[in-house]
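The values are calculated or read from the model by the stated rules, or taken from the named source; none is laboratory data. Please read these numbers as outputs of a predicted model, since none were measured by experiment. Here Cβ is always computed from backbone atoms with ideal geometry, including for glycine, and neighbour counts include all displayed protein chains. The area values use the complete protein model at the heavy-atom level, side chains included, leaving out ligands, DNA and RNA. Shrake-Rupley method; radii C 1.70, N 1.55, O 1.52, S 1.80 Å.
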Amino acid sequence: FFFFQAEDGIRDFCLSRGLGDVYKRQEMDSLMKLRAQINENATSKISVNDFIIKASAKALLDVPEVNSQWHGTYIRQFKNADISVAVGSDNGLITPIVHNANNKPLEAVASQMKELVAKAKANKLQPNEFIGGTFTISNLGMFGVSDFIAVINPPQSCILAVSQTEKRLVPGLQDPNVPRVASVMTVTLSCDHRAVSYTHLTLPTIYSVQISVVAVSLKKK
């Protein structure tokens, strides 16, 4: 947890959490297994990032301070989660938006993301498909990045940096002195302190819990 001052005046603070730590007993292994089972019969393959989008959207409803924008003289909070997702293209980085991600099933999120990524790489996104958004996700896990801090996308208040899932030694479930191997993902949330107070914020924890919520809801279906 730390503060830093950006050149544009945004005063950020960052929270980092390894998903899969023993204290929450939240491991990516079960999610990866569930994803493989879903994709066996899915018409549209679901990625880990699709889970992250859906889980983040659900978490934003629990922490409305994070689902906001800073407009200088006022803060605007939103009832729906419009998730911007950083995508690289020949023209640079762009952030297409999954609108109302909190109200969409996981398969719909996955299908829309594939469409948005294709349009982004072909430079065919419409303005309403990348301008706006209430929260951004930047995922560098596919590039083997273990940990990083993402830059906030103004006027949004927060951005979630997602790193790769990797095997790590963690304390045992029965005996903390007996280590075990688990798949762990590190997420770092950067926030504009003018809009979000760290005293209200537990998004990395809520996010890890919401990963389980999505998984459980899928199993019930």
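Things to note:
- With all pairs of separate Cα atoms included, the range 51-182 yields a Kirkwood hydrodynamic radius of 16.1 Å.
- FRET efficiency, 1/(1 + (r/R0)^6) with R0 41 Å, evaluated for residue 178 and residue 142 via beta carbons: 0.80
- Here the gap between residue 93 and residue 169, fully extended at 0.36 nm per residue and compared with their Cα-Cα distance, gives a gain of 23.9 nm.
- Using the Cα coordinates of the range 107-177, the gyration tensor eigenvalues translate into equivalent-ellipsoid semi-axes of 32, 16, 12 Å, sorted from longest to shortest.
- Span from the the range 128-186 Cα centroid across to the the range 38-106 one, whole angstrom: 14 Å
- Table column - 3J(HN,Hα) (Hz), the range 42-57, Karplus curve with 6.51, -1.76, 1.60, x for Gly and Pro: 6, 6, 10, 4, 9, 9, 4, 5, 5, 4, 5, 4, 5, 5, 5, 4
- Interchain or long-range residues, amide H under 5 Å from residue 194's placed H: 11
- Averaged over residues, the count of other Cβ atoms within 10 Å places the peptides 153-162, 66-75 in the sequence 153-162, 66-75, highest first.
- Annotation: per residue accessible area for the range 81-128 equals 50 Å², rounded to a whole number [probe 1.4 Å, protein chains only].
- Cβ-Cβ distance of residue 151 and residue 44, R₀ of 30 Å, FRET efficiency by 1/(1 + (r/R0)^6): the value works out to about 0.45.
- Anisotropy class assigned to the range 50-117 is oblate, per the alpha carbon gyration tensor with a/c at or over the 1.5 cut-off and a/b no larger than b/c.
- Here the accessible area of the range 76-153 is 53 percent carbon and sulfur, with a 1.4 angstrom probe and all protein chains present.
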